[in-house]
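Please read the structure below before turning to the comments.
The values are calculated or read from the model by the stated rules, or taken from the named source; none is laboratory data. Only a predicted model underlies this, so the values are computations on that prediction, with no experimental measurement involved. Note that we place each Cβ from the backbone using ideal geometry, even for glycine, and neighbour counts take in every protein chain shown.
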Amino acid sequence: MKKTTIAAAIMLSLLTACGGKEATEHYSDAQKYIELKQYNAAIIELKSAIQQEPENSQYRLALGNLYLESGNVISAQKELLRAKESGIPPEQIALDLVRASYLSNLHEEVLSLYTEDDTVLTEPLNSYVKTIRALSELELGATDKALTLFNELAVTEYADIVSFAQSNMLIPAGQYQDALEKSNAVPASSPIYQEALNLRANLHLLLQQFDKAETLLTELLSVQPQNLRAHLLAAQAKIKQQKLAESAVHIDMILSAFPEHAYANYLKAITEFEAKNFISAKEHIEKAIKNGYRSAPARVIAALSAYQLDQESQALHHLTAIEQQLDAFPDAKKLYIGLQLKAGNTVDAGELLQGSDIAANDLKLVASTAFNLVKQGSSDVAQQLIAKYENAGYDDLESLTTLGTLKLGIKGQEAAGLNDLELALQMDPSQDRTRLVLASSYLRMQEYAKVDALVDEWLKKPETAIAGHNMKAYSAVLQQKMPEAEASIKQSLALDPDNALANLLLASVMAYNKEYQKADTVLNQLLKTHPAYLPAITQSFYISRQLNKESDALKHAESVLEKSADNYPLRIFLARYHYLNKRFDETLKLLSAIDTAQQLPPAHWIMLADSYLRQNNPREASRTAQKWLQLNPNDIRAAMTYVEILRKQNNFGEAIKVIDQQLFRKPDNEMLLLTKLKLLTENKQFDTALELLNQLPESLKSRPDILITKGKVQLNNGQRSAGLNDFLKSYEAAPEHSTAMLIADNYSKDYSLRQGVEFIENHMKTHGTNDSVDAFYAALLIQSDPKSAMDIYQRLLTKSPDNLILLNNYAWLLLNNNKPKDALTYAEKALQQAGENPNVNDTYGSILVKLNRASDAIPFFEKALQLKPDYDEAKLNYAEALILTDDKSQAAKLLQSVNSDEPRLTQRKLTLTQKL
C-alpha cells in the first residue's frame, strides 16, 4: 500500500470549517433574504438548514419553491420531489412540482405524479395538475391522449382551465386566431397563467405576429428565466423583426450553457453573418450541422459563409448536399451553378442552368438575397433542451464562481470550470472561497505549483494564514515531502496549537514515518477536543491497527455515535468497517436504522442489500435493492444490484425486465448488454441470446471474450460446429489457456479424442502450460493414456492435495486401473469437500460397486441424478448397480432414458441391456 493512502483519507473534507448557526436560524435568515429578493443568499441559508435537518420537509419545500421562483427548474424539481417524498401534503406542493418537472423536460415524471391510482387531489388543484399533464402528453407526441385530457378539462367549472383547454383543442385544426382569443381569457391571477403566456406566444409566432410574441415571451422569461425554449422563440421572433443584436442576448444565454446546441448555433450563425463576421458565422453553422441541424437553410448559410471566406470547395460541398431543394433558394442555386462551373463540373452545372444566367458581379447580390431568404423562410422550432447546470450566466462574479465550481464535478468540463474560477479570481482576488475551491481542484489534478501560488496570498493575511500553512502542509503530504509538511505544520500550530487539521496532518506525517505511538498520542489528544472529527476517527483506526488495539478506536467511534445518532458520515463509516470485517449483523443494525426514503449514497444501499443476503434474508435484500432502484430509476448501479439479487433467486424474467428498462435509456451500454446476455444464457434462452449477440456493435462482436460467450451459447443451443468455429476465431485473436481447453474438449467430444489431445499438446508446446491446463490434459489422457494421466495427477496433488477436481479424477483413474481401495481414499476426501457435486457422488458410487457394495452405492447414484438429471454416465453406473442388486425392471427404465450418442456410452448401454 502506498504511504499516501493515509493522506488520501483526509482529502478535501479536511478543509471544511466547523459551523455555528442552528437550522431554525438558517431558515429564518433565508426568509429575510427572500423578502429582500437576495435569492442566492437565501438558497445558501436553506441548504445549511437542510444539511442540519435533512428530514425537515418544510425546509425542502421552501428551497424547492425558491429554486422555482428564481428559475432554476432542475434543482426545484429535485427538491420538491424530495419534499413530496417526505410527506408534504399535495395541496402545498402538487402544482409546483408538476410545473417544475414539466419545465425540466421530465414529462414521464409529470405523468407519474399524483395519478388517480395513488392520490386524490381536491378541485380545482386536480384540474390544474391535469392541465400540465396534458401538456406533457403533447411534448411526448401523444396528441390523442392530450386532447382527451383537454376535452375533460373543457367541461369543468373553472373558467381559466376551460379557456386554456379549448384553446389547445383548436390548434390541431389550424384555428390559431380562435385559439389565441380563448387563451387570452386566462387572467394573470390564474395558477396556469405562465402556461397560458407560453401558449399565446407560440400562437402569435404561428400567426407571424412577431412583436406581440416577443412581448409575451419577455413576460414569460421574467418568471421562467431558464426556459430555454422561450429563449429560442424570443431569439427567433427578434430575428424575424431584424433585431439581431437583441436576439444575441437569448442565443448567447443558451450557448453559454449548451455550446453544442444545434438550433441555437444556427440562429447565432444568422446574426454573425448579418454582422459580416463570416468566420464566426461559419464556425457556428458548421457546429449546428455537425450536431444534427442539417436543414436546407442551414446548408445555404454554411455555403454563403464559406464563399465569403474564399473557401469555394466547402461552399460547393454544402450546396451539393441540398441540390434537390435549391429551387426554393433561387440565388443560392445561381451560386451553386457558378461554383459547379468553376470546379469544372460542366455536366452538373449545365443541368442546373436550364436558362439561368450568372455573372461574376451578381455574387454579392446572390449572397445577400439568399441570406434574407434563409432569415425569413425558416419556421423550424428547435426542441426544448434540458438545462445541465444550475447557473448559465457569465456576467457577474457570483455566476462565474458557481458555474465554475459546478463544472469541476462534471466529466469533460473540468478545464472549463477551472477557467471560470480563474477568471472570477482575477475579477476579485479577495474571494477566498473561490481560492479554496481552486486550490482543492489543483490538488486533485496534482498541479502543486499552482496550489503554492494561490496559498501565498493567504499567508500574507493574518486571518487566513493558518489555512495557508495547512494547505501547504497538505500539498506536501500528498507529494510525500514530509520535511516540508512538518515545517508548515509547525508554523500552523504556532498560530493555533489546537488547530484540528494541523494536528491531523502531523499524525499523518508520523504515521508515514512509522512513528505509530507518537501518532496515536497526537490523535488521542485531538479526539479529546474534537471527539466527532471523522478524519481523526478514520485515521485512529489505521494507527490503532498498527498498535494492535483497534478495539479502542472502535469504542470511541461507537460512543460518539451513541451520543449523536444523526451523525450519518460516522454511521456509514462504522457500517463499512463492520461490513469489510464480515460482521453483517452489525452492518444491518447501523444501516437499517436510517430512513431509506431520503437521498442516500450507493454504498449504503449496496452494503445494506448484500448484508441481508449474507444473513440469508434474500427477500429483504430484494426489497432493499428494488427500493433503491425505484428512488433512482436511472442509476445503473442500483439496477445492477437489484438484477444480481434477482439472478441469485433464479428470477430471470424480472431481472431481464430491469435490464431492458435500463437499455431503453442506454441502448449501447456494454455492461447492460453483457449482463442481459448472461441472464439469457443462464435461463437457457439460447435463441434470444444469439439474437442479442448478433445485434451487438461490430467492435464488441469481434472481441475474443465475446466470441467465447457466443460459442458457448451455440454449444448449448445444439450448434456445436458453429460454437467450435467461434472458439477457434477467439483463439486466433488471443490464444488463451482457457480457450485452448474449450477447443480441445470440443474436439474430443464431437470429433475424436485424439484430435483433442493433439490440439492441447500443440498449445502447450507453443504457449506453455499451467496447473489447470495440466489437469485438463490429464483428464483427456484418462482414456487413451491412463498411466501418463496418473503421473500428472500425482504431481499436481502433491502441490494441491485438496483440489476437488484432482481428487475426483485421480480416484476415477485408480478405479479404472483396478485399484478401488486406493481410489476410495481420494473419493472420500472429495466427498467430504463437495457432497452436493454430481460427479463426486457418481465416482464414489462407482468405486463402491467395484468393491462389491452395489446396494451401498445406489444412494450416491440417486444423489448424482437428483443434482444432474441428464447425467448419462451416472445413469449407466446406476443401472449396473441395480442389475447387481437384481432390480432389473428399474434398470431397464433407466437404460431407456440414456440418449447419449457418444460411442463409449452407447456401447456400454448395449452391454448392460444384454445383461437384463
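Restricting to the range 573-583, give me the number of residues that are surrounded by fewer than 19 Cβ atoms within 10 Å (Cβ to Cβ) and in contact (Cβ under 8 Å) with a residue 12 or more places away in the chain. Lay out the reasoning, then the answer.
Step one: list which residues in the range 573-583 are surrounded by fewer than 19 Cβ atoms within 10 Å (Cβ to Cβ), which gives 573, 576, 580-583.
If we keep only those that are in contact (Cβ under 8 Å) with a residue 12 or more places away in the chain too, we end up with 573, 576, 582.
Result for the range 573-583: 3.
Can you list residue pairs whose Cβ atoms sit under 8 Å apart, with the first residue in the range 758-773 being within 13 Å of ILE792 (Cβ to Cβ) and the second being in a loop (DSSP other than H, G, I, E, B) and of a type in the set (Ser, Thr, Tyr)? Count only pairs 6 or more apart in sequence or on different chains.
ASP771/SER800
Scan the range 584-622 for residues that are farther than 21 Å from ASP566 by Cβ, surrounded by 14 or more Cβ atoms within 10 Å (Cβ to Cβ) and among the basic types (Lys, Arg) and jot them down.
ARG614
Taking THR825 and the conditions (1) more than 49 Å from the chain's Cα centre (by Cα); (2) closer than 13 Å to ASN808 by Cβ; (3) outside any helix (DSSP H, G or I), which numbered condition does it fall short on, given that it satisfies the others?
Looking at each condition in turn, THR825 falls short on (3).
Has the range 45-66 got at least one residue that is in contact with a helix residue (DSSP H, G or I) (Cβ under 7 Å, 6 or more places away or on another chain) and modelled with pLDDT under 80?
no
Any residue at all in the range 844-864 that's closer than 30 Å to GLU761 by Cβ and under 54 Å from the mean Cα position of the chain (by Cα)?
Checking the range 844-864: at least one residue is closer than 30 Å to GLU761 by Cβ and under 54 Å from the mean Cα position of the chain (by Cα).
Looking for something at pLDDT 80 or above and closer than 23 Å to GLN241 by Cα - is there at least one such residue anywhere in the range 314-334?
Within the range 314-334 (the criterion being at pLDDT 80 or above and closer than 23 Å to GLN241 by Cα), the answer is no, since none of the residues qualifies.
Please give the helices (runs of 4 or more DSSP H) falling wholly within the range 712-767 in which 2 or more residues are more than 28 Å from ASN683 (Cβ to Cβ) and in contact with a Phe, Trp or Tyr (Cβ under 7 Å, 6 or more places away or on another chain).
Hits in the range 712-767: 737-750, 753-767.
Please determine, by comparing only the residues of the range 471-485 that are in contact (Cβ under 8 Å) with a residue 60 or more places away in the chain and closer than 17 Å to ALA500 by Cα, which one is surrounded by the fewest Cβ atoms within 10 Å (Cβ to Cβ). Give the steps one after another, and end with the answer.
Just the residues of the range 471-485 that are in contact (Cβ under 8 Å) with a residue 60 or more places away in the chain, to begin with: 471, 474, 477-478, 480.
Narrowing the set further to residues that are closer than 17 Å to ALA500 by Cα leaves 471, 474, 477.
Values: MET471: 27, TYR474: 29, VAL477: 25.
The extreme case among them is VAL477.
How about the range 608-648: which of its residues are polar (S, T, N, Q) and modelled with pLDDT of 90 or more? Can you show your working first?
Start the filter on the range 608-648 by keeping residues that are polar (S, T, N, Q), which leaves 611, 615-617, 622, 624, 626, 630, 632, 634, 641.
The answer is SER611, GLN615, ASN616, ASN617, SER622, THR624, GLN626, THR641.
Only helices (runs of 4 or more DSSP H) wholly contained in the range 448-497 count here; list those with 1 or more residues that are polar (S, T, N, Q) and closer than 22 Å to LEU526 by Cβ.
Working: elements: 448-459, 465-478, 482-495.
Fully inside the range 448-497 and qualifying: 465-478, 482-495.
On the basis of being surrounded by 15 or more Cβ atoms within 10 Å (Cβ to Cβ), touching a Leu at 6+ places or on another chain (Cβ under 6 Å), modelled with pLDDT of 90 or more and within 18 Å of MET790 (Cβ to Cβ), does ALA830 make the cut? If you could, list the steps in order and put the result at the bottom.
On the way: surrounded by 15 or more Cβ atoms within 10 Å (Cβ to Cβ): yes; touching a Leu at 6+ places or on another chain (Cβ under 6 Å): yes; modelled with pLDDT of 90 or more: yes; within 18 Å of MET790 (Cβ to Cβ): yes.
Spelling it out, ALA830 is indeed surrounded by 15 or more Cβ atoms within 10 Å (Cβ to Cβ), touching a Leu at 6+ places or on another chain (Cβ under 6 Å), modelled with pLDDT of 90 or more and within 18 Å of MET790 (Cβ to Cβ).
List the residue pairs whose Cβ atoms are under 9 Å apart, where the first residue sits in the range 440-453 and is farther than 18 Å from ALA485 by Cβ and buried (at least 16 other Cβ atoms within 10 Å of the Cβ), the second is modelled with pLDDT under 70 and of a type in the set (D, E, K, R), and the two are 6 or more positions apart or on different chains.
SER441/GLU414
When the residues of the range 83-118 are narrowed to those that are β-branched (Val, Ile, Thr) and not in a loop (DSSP other than H, G, I, E, B), which ends up surrounded by the fewest Cβ atoms within 10 Å (Cβ to Cβ)? Step through it out loud before you land on a result.
Let us first name the residues in the range 83-118 that are β-branched (Val, Ile, Thr), namely 88, 93, 98, 110, 115.
Checking which are not in a loop (DSSP other than H, G, I, E, B) leaves us with 93, 98, 110.
On the way: ILE93: 22, VAL98: 26, VAL110: 27.
Selected residue: ILE93.
Quick check on this structure: which one of SER183, SER189 is of a type in the set (Ser, Thr, Tyr), free of Cβ contacts under 8 Å to residues at least 24 places away in the same chain, surrounded by 19 or more Cβ atoms within 10 Å (Cβ to Cβ) and in contact with a helix residue (DSSP H, G or I) (Cβ under 9 Å, 6 or more places away or on another chain)?
Numbers: SER189 fails: surrounded by 19 or more Cβ atoms within 10 Å (Cβ to Cβ).
So the residue among SER183, SER189 that is of a type in the set (Ser, Thr, Tyr), free of Cβ contacts under 8 Å to residues at least 24 places away in the same chain, surrounded by 19 or more Cβ atoms within 10 Å (Cβ to Cβ) and in contact with a helix residue (DSSP H, G or I) (Cβ under 9 Å, 6 or more places away or on another chain) is SER183.
Scan (1) part of a helix (DSSP H, G or I); (2) closer than 27 Å to ILE88 by Cβ; (3) modelled with pLDDT under 85 for the single condition LEU138 breaks and write down its number.
(2)
For LEU505, are the conditions met, namely being more than 16 Å from MET471 (Cα to Cα) and surrounded by 18 or more Cβ atoms within 10 Å (Cβ to Cβ)? Spell out the reasoning first.
Working: more than 16 Å from MET471 (Cα to Cα): no; surrounded by 18 or more Cβ atoms within 10 Å (Cβ to Cβ): yes.
No; evaluated as a whole, the condition is false for this residue.
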